[in-house]
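Notes to accompany the following structure.
The values are calculated or read from the model by the stated rules, or taken from the named source; none is laboratory data. Note that the structure is a prediction, hence the values are computed from the model and not measured. Cβ coordinates were reconstructed from backbone atoms using ideal geometry, including for glycine residues, and neighbour counts include every protein chain displayed.
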Amino acid sequence: MNNNFGIAIHGGAGTILREKLSPKLEQQFRAALTLSISNGYKILQDGGSSLDAVQAAIIVMENSELFNAGKGAVFTHDETNEMDSSIMCGKTLACGCGTLLKHIKNPIIFARTVMEKSEHVLLASDGAEQFAKLHNLEIVEPKYFHTKRRWFQLQVVKENEKETETTRTILDHDGDNSKHGTVGAVALDKDGNLAAATSSGGMTNKRFNRIGDTPMIGAGTYADNATCAVSTTGHGEYFMRLVTAKDISDMMSYKNLDLIDASKEAISKLSAIDGSGGVIAIDKDGNIAMPMNTPGMYRASFSANDKELSVKIFVEE
Ligand code: GLY
């Protein structure tokens with residue numbers, strides 16, 4: 001029995017500034033993060049698996065309009081929503097991922113189903129949705145994902161494109177506080193098993209079926225009981241180039257770095273190629289790291305080591 005169980009979550013990293021976040025919205029974020037982490041922690045406390053804990057934590061964020069995942073997913077250039085997700089089990093290295101999902105209410109449940117009910121790792125688009133129907137996952141009409149704030153955000157970007165005569169794809173979390181990001185969770189359970197999961201709507205105004213780091217095992221998500229579990233948030237192309245999540249695990253096993261140093265090093269590598277974002281990570285001893293190179297990252301942690309729930313938004317907190 002491992003008494004150092006714990007969980008960490010993120011709800012996106014980016015230009016999150018105190019002066020731009022209204023007290024009401026800040027309170028809504030803190031409440032949603034608290035609910036998400038509490039649901040995940042309770043599962044761990046009751047002896048449940050890290051996979052169930054990360055899934056439960058992510059479902060709360062996918063069902064909220066606040067985050068760029070599930071219900072609050074951003075719009076593509078063609079005014080659709082295309083969602084990505086992944087989940088990984090640190091004990092077996094089994095994993096499941098989905099991309100270009102348009103009608104699946106909870107992309108994280110889809111990823112878990114791919115992991116457990118298929119012989120594959122990544123399913124995409126129409127085929128993915130056929131698979132979801134076969135396994136009775138909840139399918140919704142596109143209007144379920146149509147939120148006023150995300151729609152407005154797309155119109156602003158398109159207007160800006162017209163004015164500047166440039167093509168713009170913006171990160172879910174860039175700029176003002178109406179644009180927030182990808183969600184993720186990492187956990188260690190009482191049996192010593194690690195798990196990581198990530199879910200995202202990607203980037204506003206994306207086109208050509210652009211896919212980010214979220215459904216890419218090793219880039220956006222990784223878990224290995226021998227080292228750690230990691231979920232990333234930020235500009236996906238950079239995490240894909242650096243294979244960030246697996247890199248943190250590799251720095252622990254090959255360079256003998258501890259979790260804190262390996263995670264910091266990953267953020268230094270991100271900064272060195274002008275990428276932006278953050279990571280959350282937990283190791284096999286329940287240590288938690290949540291570094292970023294952005295002014296903020298919606299995040300929370302709760303571990304048996306620390307014994308208290310912590311919710312943070314701004315980098316200096
Ligand atoms: N990190 C999410 C994305 O770039 O799609």
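Assorted remarks:
- Scanning segment 259-298 for residues that are of a type in the set (A, V, I, L, M, F, W, C) and surrounded by fewer than 16 Cβ atoms within 10 Å (Cβ to Cβ) yields Ile260, Ala272, Ile273.
- Meets criteria (among the polar types (S, T, N, Q), within 16 Å of the ligand (Cβ to nearest atom) and modelled with pLDDT of 95 or more) for Thr113: no
- From the list Asp213, Asp224, the one residue that fits, being out of contact with any Pro (no Cβ under 6 Å at 6 or more places or on another chain), away from the ligand (no atom under 16 Å from the Cβ) and of a type in the set (Asp, Glu), is Asp224.
- Going through (1) more than 16 Å from the ligand (Cβ to nearest atom); (2) not in a helix (DSSP H, G or I) one by one, Ala32 falls short only on (2).
- On inspection, Ser231 does not qualify as surrounded by 21 or more Cβ atoms within 10 Å (Cβ to Cβ), within 14 Å of Ala13 (Cα to Cα) and in contact with a helix residue (DSSP H, G or I) (Cβ under 6 Å, 6 or more places away or on another chain).
- Residue check, Ser301 surrounded by 22 or more Cβ atoms within 10 Å (Cβ to Cβ), touching a residue at least 60 places away in the same chain (Cβ under 8 Å), touching a strand residue (DSSP E or B) at 6+ places or on another chain (Cβ under 6 Å) and over 30 Å from His120 (Cα atoms): yes
- Residues of segment 227-266 classified as within 16 Å of the ligand (Cβ to nearest atom) and of a type in the set (Phe, Trp, Tyr), total: 2
- Boolean, Ala219 is within 16 Å of the ligand (Cβ to nearest atom), in a helix (DSSP H, G or I) and of a type in the set (Gly, Ala, Ser): no
One line per residue, one yes/no per condition, for (1) surrounded by 17 or more Cβ atoms within 10 Å (Cβ to Cβ); (2) assigned to a helix (DSSP H, G or I):
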residue: Ser64; (1), (2): yes, no
residue: Phe67; (1), (2): yes, no
residue: Asn81; (1), (2): yes, no
residue: Lys91; (1), (2): yes, no
residue: Ile108; (1), (2): yes, yes
residue: Ala111; (1), (2): yes, yes
residue: Glu116; (1), (2): no, yes
residue: His120; (1), (2): no, no
residue: Gln130; (1), (2): no, yes
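- Test: residue in segment 239-249 that is of a type in the set (Lys, Arg) and in contact with a Phe, Trp or Tyr (Cβ under 9 Å, 6 or more places away or on another chain): yes
- Residues within segment 189-210 that are in contact with a Gly (Cβ under 9 Å, 6 or more places away or on another chain) and either hydrophobic (A, V, I, L, M, F, W, C) or near the ligand (Cβ under 9 Å from one of its atoms) (or both), tallied: 11
- Going through (1) part of a loop (DSSP other than H, G, I, E, B); (2) within 14 Å of the ligand (Cβ to nearest atom); (3) modelled with pLDDT of 95 or more one by one, Lys179 falls short only on (3).
- For segment 267-317, taking the residues that are part of a strand (DSSP E or B) and of a type in the set (Lys, Arg), the one that is farthest from Met88 (Cα to Cα) is identified as Lys312.
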